[in-house]
Every structure is written in structure tokens, then in C-alpha cells.
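Read the structure below first, then the notes.
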Amino acid sequence: MRRTLKAAVLAAGTALGFAGAAYATDLEVTHWWTSGGEAAAVAELAKAFDATGNKWVDGAIAGSGGTARPIMISRITGGDPMGATQFNHGRQAEELVQAGLMRDLTDIATKSKWTEVVRPKGLLDSCTIDGKIYCVPVNIHSWQWLWLSNEAFAKAGVAVPKTWDEYVAAAPALEKAGIVPLAVGGQPWQASGAFDVLLLAVGGTDAFLKVYKDKDGEFAGGAEIAKVFKAADDARKMSKGTNVQDWNQATNMVITGKAGGQIMGDWAQGEFQVAGKVAGKDYTCLPGLGMSNALATGGDAFYFPLLKDAEKAKAQEVLAETLLDPKTQVAFNLKKGSLPVRGDVDLNSANDCMKKGLDILAKGTVIPWTDQLLSQDTQKQKEDLFSEFFAKPDLTVEDAQKRFADIISSAD
């Protein structure tokens, strides 16, 4: 299958290259995909684009989106734009678009019939501002996963849990065996994301949307969300021995059996694959923490800053088409651990965890995620709160919930 996918990607690139060869040029592409699994995935995009006769100039920025986005934005607003840049689906590039700094892709989208192939429809909606399309969605990433080390639970002498509640109950046995029950890295977005996943799993879809879509501060401070904060307190206690910063370092703790599990998006699958681990054998995945059958349709998209160079502008068009080519979509997403945005691609080679995600997606149980519902300012406030909550055991659940409710009340 690998040989077939490789040949298909090269063939797709060759076909696209015929159209773009006359304008072949270097194009810098910035992103924050720097872990082992992410690097393997982005290499597939570069390979497909290079096959068009153009050259992908890799502009990887280490340190995750929180570090990379300000650098990307500063370059664009400062007059030093790259050829293309990654952002997440949602509102992260909203102000850049409104300032007239990003390229309108509507003509390309219309010609290539993106509205007919991109699914779910909400992904393209997240790229649309004032009726115009400004980005190319490349994958569907969902945060709502619990990754479990089968080795760790075997060592602790307890069964691999099937729900969040069973996981919490197993924590003492893991600790007794010298295993950190839950790995949560020190970057603020990890703690904030873990809380959001707990809100959806413990609180339910209606509660999640009431908080983040309706921005109901009174509800956020009420009894239903208090249950979520109790779960977050359990997670805080279970994660106290993590002592790593980066998300992939936390994932590695699960891979090596040093931690029982991790709440992390499906991009963690790329790390398991690079490590040679097999889903269902070496590790177990629980979408929705085993309590919810809804997935959020977050993910990554590429935006194209306005460029004065005509050849690079033409190369932007070729890259936009390449990113959504069916073969590129398959090759990239199999490495990334994410789901393709096209509904017409063959993913028979997907592993057990990817198939679980595809099944949920096929049933239509999808919701928008916080990147699509909250401004970057509100996201930052939320990240600061939960970073402090996980780092400081003396921050009470009650005080944290009150601060959370205040953030939601003033959210835009």
C-alpha cells in the first residue's frame, strides 16, 4: 500500500506540474509541524508540490501554534510575507483578512469545485469571510481522544479502561506501579484543550455549545459545569508527575509506558506510528473519552498572503490545488493521523483509531471546536486560566470556575 500511495502522489504531482511548470518557482511555506509524526506528514505535502516543478521552501517554526502564530502574523503585517502559512480552521487569520493582507481564493475554489468535495461543509465555512474563501482546509483534526498505554495498564495489573470514569478509578493502581496516570505537558494550550475535551465528554454536546457558542456566562458558572471542573480536578491530580513541556514529549510517555494515558488530539497518532506502535495492540484510543460520540471538526488550513511577485502568486495557485488533490490528501493524512477533508478518497489502509473517527464523521455527529467559536483573545485568556489551574493545586475548583464564567461572559 505504501508503494501504491507513493506512486499515486508522484503521479498526481506530475499532472499538476504540467499546468504549473511554466511558472516554476520557490515558495516559502510556514507551519509549526515539527514533531516526528508531523514532519513525516508535511514531507508528503512538500513532495507533491515539488513534483509540480515548483519548490517547497520549508519554514517550520518550533514551539507549537502559540509560538508560531505571532511570528507568522508579524511577518505578514511587517511586509515580509511568506508564500503560504498554516493556521487552524477558524478565526486565527480573521484580522489579517479584514486588513486586506490575505489572498482571496474564491476563483480557485469555484474552478476546482471545493464546495462539492470538502466535507463537512463547516470546514469551508471557516475559510469564508464576507462570502469569499480565504483558505484551503487540509485535514480534520479532533481533540476528543484519550490515548492509553496497554503496557502501562498491564504493568499496573488493571484492565485498560473503556471510559473516563474507569480511567480515574485506575489511577491509584498506576501510581502504585510508578506510572504517571495522565500525561499533560506544560504548554498552556494542552491544559486548556484537555478541559475542553472534558467539558464535551462530561458535560455533553449541549453544555459545550451553550458555553462556547452561546457564550452563556451564567451557565458556565453553574452546577452542570461544576461537574466538569470536578473532572478537571481529577485530571490535575493524575497529571502532577508529568514534568515535560511539549505535547509530543507527553505522548512519548504513553508510548514508552511511563504514563497511563494522555488527552490529546488525533495528531498524537503520528507519534505512535513513527514509534512503530500498533493501534489496538500497543495502545488504545477512546474517542470522546469513551463517554461522547461527537467529534469537533477542527484542523489545519493554509492561507496565502498577497504577493507582488507574479510567478510566486501563480505558484500559490498550484499549491492550493495540490493541497486538495485526492492523492495528496491520502498520503498526508495517513502520516498526520488526521482525517482528509475530501469525502471521495480511499482510506482502506486507515488504522483502527482512524476508522473510529471516520465512523463518527460518517454518522454526522460533529460540532465546531473552540478555534471556530472563540476569538484569539478569549482563547488566550482560557489558556492562561487552565495553565495556572493545572500548575497550582492551591487554585480551588470554585475560584477557577468563577474566573472561567467571567471569561465566557465577556467572550467575543
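With a/c under 1.5 counting as rounded, go ahead and sort region 76-180 into rounded, prolate or oblate using the C-alpha gyration tensor (a ≥ b ≥ c being the square roots of the eigenvalues; past the cut-off, prolate if a/b is larger than b/c, else oblate).
Working: a/c = 4.12, a/b = 2.63, b/c = 1.57.
Verdict is prolate for region 76-180.
Under a plain spin-label model, where a point goes 7 Å from the Cα along Cα-to-Cβ, how far apart in nm are THR128 and ALA177?
Placing both labels 7 Å beyond Cα along the Cβ direction yields 5.0 nm.
Who wins for biggest fluctuation among LYS335, LYS210, LYS176 in a Gaussian network model of the chain, springs between alpha carbons below 10 Å?
Ranking LYS335, LYS210, LYS176 by mean-square fluctuation puts LYS176 first.
How do the peptides 306-314, 199-207 rank, highest first, by the average count of neighbouring beta carbon atoms within 10 Å per residue? Working shown, then result.
Working: 306-314: 14.6, 199-207: 19.9.
My ranking of the peptides, most packed first, is 199-207, 306-314.
Pairing the Cα long axis of helix 326-336 with the longest principal axis of the chain, what angle in degrees results, from 0 to 90 and rounded to the nearest 10?
30
So what is the accessible area of region 199-271 per residue, in Å², with the probe set to 1.4 Å? Intermediate results must be reported in sequence, preceding the final value.
Values: 2730 Å² over 73 residues.
Heavy-atom accessible area per residue stands at 37 Å².
Shape call for region 306-398 from the C-alpha gyration tensor, a ≥ b ≥ c root eigenvalues: rounded (a/c under 1.5), prolate (a/b greater than b/c) or oblate?
Working: a/c = 2.83, a/b = 1.40, b/c = 2.03.
It is oblate, given that a/c is not under 1.5 and a/b is not larger than b/c.
So what's the angle, to the nearest 10 degrees on a 0 to 90 scale, between helix 64-77 and the longest Cα principal axis of the chain?
40
When the chain is modelled as a GNM with alpha-carbon springs shorter than 10 Å, which of ARG75, ARG91, ARG103 fluctuates the most?
ARG75
Could you size up the charge dipole of region 207-315 around its Cα centre, putting +1 on the beta carbon of Lys and Arg and -1 on that of Asp and Glu, and report it in debye to the nearest 20? Please list the in-between numbers first.
Numbers: 14 positive and 13 negative charges, 33 e Å.
So the magnitude is around 160 debye.
Rounded, prolate or oblate: which fits region 349-408, taking a ≥ b ≥ c as square roots of the Cα gyration tensor eigenvalues, rounded meaning a/c under 1.5, else prolate when a/b beats b/c?
It comes out prolate by the Cα gyration axes.
Can you tell me how much longer the chain between LYS230 and SER74 gets when fully stretched, taken as 0.36 nm per residue apart minus their C-alpha distance, in nm with one decimal? Don't skip to the answer; put the middle values down first.
Details: separation 156, 0.36 × 156 = 56.16 nm, distance 3.92 nm.
Length gained, LYS230 through SER74: 52.2 nm.
With the full set of protein chains in place, find how many percent of the accessible area of the chain is carbon and sulfur; take the probe as 1.4 Å. Intermediate results must be reported in sequence, preceding the final value.
Working: 8510 of 16630 Å².
That share works out to 51 percent.
Sequence neighbours fewer than 8 away in the same chain don't count; with that in mind, list the lysines whose C-alpha is under 30 Å from LYS312.
Once the sequence-local lysines are set aside, what remains near LYS312 is LYS6, LYS47, LYS55, LYS111, LYS113, LYS121, LYS132, LYS327, LYS335, LYS336.
Can you tell me the 0 to 90 degree angle between the C-alpha axis of helix 188-198 and the longest principal axis of the chain, rounded to 10?
Its long axis makes an angle of about 70 degrees.
What ratio of Cα Rg to 2.2 N^0.38 Å holds for the chain? Let's see the in-between values first.
Numbers: Rg = 21.1 Å, N = 412, 2.2 N^0.38 = 21.7 Å.
My calculation over the Cα atoms of the chain gives 0.97.
For GLU388 and ALA310 in one chain, what is 0.36 nm times their gap in residues minus the Cα-Cα distance, to one decimal in nm?
The GLU388-ALA310 span can extend by a further 23.3 nm.
Roughly what would the spin-label model give for ALA275 and ALA62, points 7 Å off Cα along C-beta, in nm?
About 2.0 nm, to one decimal.
What nm distance separates the two modelled labels at SER410 and ASN150, each placed 7 Å from Cα along Cα→Cβ?
Output for this residue pair reads 4.9 nm.
So what's the gap between the Cα centers of region 25-78 and region 180-222, to the nearest angstrom?
Between the Cα centres of region 25-78 and region 180-222 lies a distance of 30 Å.
Let me understand region 159-247 better: what is its radius of gyration from the alpha carbons, and its Dmax, in angstrom?
Here Rg and the maximum Cα pair distance are 14.2, 44 Å.
Would you look at the GNM of the chain, springs on alpha carbons closer than 10 Å, and say which of GLN316, GLN379, GLN144 moves the most?
With Cα springs under 10 Å in the chain, the top fluctuation among GLN316, GLN379, GLN144 is at GLN379.
Relative contact order of the chain: what whole-number percent is it, with Cα pairs under 8 angstrom and at least 6 residues apart?
Details: 763 pairs, mean separation 113.1, N = 412.
That works out to 27 percent.
The values are calculated or read from the model by the stated rules, or taken from the named source; none is laboratory data. All of these numbers come straight from a predicted model, not from anything done at the bench. Heads up, the Cβs are rebuilt from the backbone with ideal geometry, glycines too, and the neighbour counts pull from every protein chain shown. Please note that ligands, DNA and RNA were not included when accessible areas were found on the heavy atoms of the full protein model with its side chains. Shrake-Rupley method; radii C 1.70, N 1.55, O 1.52, S 1.80 Å.
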